[in-house]
Amino acid sequence: MPSTGADPKAVPTELESGSAGTDRATSQAGTVAAPGRGFSGQGPRPRGVPAWVWALPPVAVLALVFLYPLALVVQQSFTTDSGDVSLAPYGDVFASEAFRSALGTTVWLALGATAGCLVLGFALALVIAFVPFPGGKAVAKFIDVFLSFPSFLITLALLFVYGSVGMANGMWTGVTGASEGPFDFLTTPWGVLLAEITYFTPFVMRPLLAAFSQIDTSQLEVASSLGARTGRIVRQVILPEALPALAAGGSLVLVLCLNEFGIVLFTGAKGVTTLPMLVYSKAILESDYPAACVVAVVNVAISVGLYGIYRVVSRRAGA
């Protein structure tokens, strides 16, 4: 008697047939929609504009605004007053006592300010990060705001406090009746050093606070429970974690101090001539443009070299 139901053996065959058909349809759809082909499935997609074409406008603007003036400065540094191209301007500048004195003053001020910023910044960052006190978060946020302040503003504030007619000298003369106060260090190299440390310390504290936030506090608790004193915890637990941030912040401060002009100018320090001040003096006061360009090229070369070191240290600190 003929069976009215479907043949069980035919089911897999139909499923296989359907699966194959589906695969073929999918393959055909993939062929039509394949990347790089048109709707007809033939021929490559038209190429777009090369990436280097889009880079030309910003590179041209950068070259016109920054590189071209810098090239003019370098060219002028090799040009004598008579218009000849020579190394004589470099020889004259390097042989002058003013350049050697300015270079030495710039280096020792930058190194002294960097050392002071590292010590003070590390101590303040430790207090903010690990010593709870009211307003600690507000102080940490204020550091970010402080970074946006111009350098002359800090120098002006110090003049209001420690200047010859500042608050400190005014209180001294009011109490003692003296004709003048004892605070006159702002017009000396030590005043410039104090102003630079005051202004650049937050540049060290910012990376330190970021590094301290990554320290697991359980390590500090374990060290404390084992009897380690505060000094040993800072030296053996916190300091190793902070070394990359200290190196990055110190490198940045060193570069900034080498090029600082506003602080030295606003303090009015007598006899304190740095390389930026020497450029200003040669170009504006003496109109000796070849000498000014020579000093500027030397200053730029030192700054670029130190900035390269800063970038290397920053990458390692980030890693």
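We did not get these values from a lab; they are worked out from the coordinates using the rules stated. Note that the coordinates shown come from a computational prediction; the quantities given were computed from them, not determined experimentally. Cβ atoms come from the backbone with ideal geometry, glycine included; neighbour counts cover every protein chain shown.
Place the peptides 222-232, 205-215, 69-79, 248-258 in order of packing, highest mean first, counting for every residue the other Cβ atoms within 10 Å and averaging per peptide.
Ranking the peptides 222-232, 205-215, 69-79, 248-258 by packing returns 248-258, 205-215, 69-79, 222-232.
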Practice problem: For a label point 7 Å from the Cα of Arg315 along Cα→C-beta, name the residues of region 255-276 whose backbone N is under 16 Å from it. | Solution: none
Quiz item: Given 0.36 nm per residue, what is the gain on full extension from Phe160 to Gln75 after removing their alpha carbon distance, in nm?
Solution: 26.3 nm
Quiz prompt | Cβ charges +1 (Lys, Arg) and -1 (Asp, Glu), total dipole of region 97-318, debye | solution = 580 debye
Quiz prompt | Karplus-derived HN-Hα couplings along region 159-171 (A = 6.51, B = -1.76, C = 1.60, θ = phi - 60°), whole Hz, x at Gly and Pro | solution = 5, 5, 8, 10, x, 4, 10, x, 5, 5, 5, x, 5
Exercise. Would you mind computing the Rg to Rh ratio of region 88-158 from its alpha-carbon coordinates, Kirkwood style for Rh?
Key: 1.22
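How charged is the neighbourhood of Trp172? Take every other residue with its Cβ under 15 Å from the Cβ of Trp172, and add Lys/Arg as +1 and Asp/Glu as -1. Show your work: numbers first, answer last.
Numbers: positive: none; negative: Glu180, Asp184.
Overall, the nearby charge balance is -2.
Suppose R0 equals 35 Å. What FRET efficiency, 1/(1 + (r/R0)^6) with r the Cβ-Cβ distance, do Tyr68 and Asn259 give to the nearest 0.05?
Using R0 = 35 Å, I get an efficiency of 0.95.
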Exercise. Just name one of Phe160, Ala301, Ser213: the one whose Cα is farthest towards the positive end of the charge dipole of region 97-318 (beta-carbon charges, Lys/Arg +1, Asp/Glu -1).
Key: Ser213
Quiz item: Charges only on Cβ, +1 for Lys and Arg, -1 for Asp and Glu: so what's the dipole of region 128-231 about the Cα centre, in debye to the nearest 20?
Solution: 220 debye
Exercise. Determine the sum of side-chain charges near Ser82: Lys and Arg each +1, Asp and Glu each -1, restricted to other residues whose C-beta is under 15 angstrom from that of Ser82.
Key: -4
Self-check item: Cα gyration tensor shape for region 140-225, rounded if a/c is under 1.5, else prolate or oblate
Solution: prolate
Self-check item: Rounded FRET efficiency, nearest 0.05, which uses the C-beta distance separating Val175 from Ser303 and R0 of 35 Å
Solution: 0.15
Practice problem: Between Phe149 and Leu285, with labels modelled 7 Å along Cα→Cβ, what's the label distance in nm to one decimal, could you check? | Solution: 2.8 nm
Exercise. List every residue whose amide H lies under 5 Å from the amide H of Thr79, counting only residues 5 or more places away in sequence or on a different chain, with H placed 1.01 Å from N in the peptide plane.
Key: Ser86
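Less than 10 Å Cβ to Cβ from Pro290, Lys/Arg counted +1 and Asp/Glu -1: what total charge do the surrounding residues give?
Charge balance near Pro290 sits at -2.
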Quiz item: By how many nm would the segment from Val53 to Leu87 lengthen if fully extended, with 0.36 nm per residue of separation less the alpha-carbon distance?
Solution: 8.3 nm
